[in-house]
1. For a protection proxy built on the mean count of beta-carbon atoms within 10 angstrom, sort 74-85, 192-203, 247-258 highest first, please.
2. Give me the net charge for the shell around P241: Cβ to Cβ below 13 angstrom, other residues only, Lys and Arg +1, Asp and Glu -1.
3. Rounded, prolate or oblate: pick one for the chain, where a ≥ b ≥ c are the square roots of the eigenvalues of its C-alpha gyration tensor, a/c under 1.5 means rounded, and failing that, prolate if a/b is larger than b/c, else oblate.
4. Answer rounded, prolate or oblate for region 101-256, using the Cα gyration tensor with square roots of eigenvalues a ≥ b ≥ c: rounded when a/c is under 1.5, else prolate when a/b is larger than b/c, else oblate.
5. Highest mean first, how do 117-129, 291-303 rank when packing is the count of other Cβ atoms within 10 Å averaged over residues?
6. Check E342: other-chain or 5+ apart residues with amide H under 5 Å from its amide H, H built from backbone geometry?
7. Under a crude label model (7 Å from the Cα following the beta-carbon direction), how far is D168 from D107 in nanometres?
8. With contacts defined as alpha carbon pairs under 8 Å and 6 or more residues apart, what's the relative contact order of the chain in percent?
Amino acid sequence: MRGLVLLLLGCVVTGVLSPQAEPGRIARQTYSILFIDSQVGAPYDALRSAMVQELQALGYDPLFNLTIEHHSLGNQAAAVRRILQEQQDGHNLIFVNGTVAAIGVRDALEQNPGLGRGLPVFFGNITDPVGLGLIRGFDEPPPGRYTGLGYAVPAVDRLRFVRKLLPDARHLVVVHTEMPQSIAYRQMLEQALQEPDLADLVIHYRSVPFVGGERGYRRSVQLARTHVTGMADIADVFLSPNDQMGIHPSFPGMVAEAASVPLIGIDVREVRENNGALAAIYNSIPDAGIIAATMVHRYLSGEDIRSIYPQLPPQRIAIHAGLARRYGIELSPGLLDRPEVELVQ
């Protein structure tokens, strides 16, 4: 299967395993996770790495008592059906990492519930799990077999951050792909504009085709450049889209070359690695991986999935001091003094 990566870590587990261990104790028992990523790269690799590392700290050793069957979809949601049909026996749970992976699993299980073998589905890096019908809301009990962590910073929080950082900005431009997570986040932005303190903002949208495959974002960035150039005279600020194009380091670099106004990113690398973004407000992916591991541990220790509430990871902010000076932006002490803010020199 094109774009499919299969990794088997540790020894193969035989038999169907049940998470009935005494809470907090995992000795003398083996566990197995079916792990499905939307694609290779950020933010999926970072979450999976942090999650596995934290699971090891909790006593789950890939060389001793934990097997991970890992697949990457290349953003081809339809590939999930074959993965579920051919999955190894003995998995305790399914972990879906990304919106496309979640859509693939959801659709496959709705069409053929037997494919999931009754396993719970944990998720991470999903922009809108409520809109996908996986959960009713965050900090509410899961209504079914799904729980996990969202990815996107709430649109209201993102726009209020833009307002605090750039109080004179009125015209915001978002150039996005037609990926499902971008379409969902565009709807969230429109809902956020209903808030009285944000009602005077105007968001201009332009879209480019969703190019599938593990490296499809490269073509998307090339297509987006035309829109960035065309909107450069209108925009007070650009917002990185909530998709694979937006999170890739080449996107902020392209915007910085094609426009003379700031970009607010969705990933810390856009700021920390001098890729061209003035600032980013984002949910911490390493923290998300740690929280995901804790949630999985609770289930494997015997806790009912209905008591494991879905969550949003902690918010973080990164601001590039050099770019702020270049754009003539004065950073208020009230913003810089917040504990979640990182000032990049």
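A short reminder: the numbers here are calculations on the coordinates, not readings from a lab. Because the structure is a prediction, the values reported are computed rather than measured. All Cβ positions, even for glycine, are placed from backbone atoms using ideal geometry, and neighbour counts span all protein chains on display.
1. 247-258, 74-85, 192-203
2. -1
3. It is prolate, given that a/c is not under 1.5 and a/b is the larger ratio.
4. Oblate.
5. Sorting 117-129, 291-303 by mean packing, highest first, produces 117-129, 291-303.
6. HN-HN under 5 Å from E342: I317, A318, I319.
7. Label at D168, label at D107, 4.7 nm between them.
8. The value is 19 percent.
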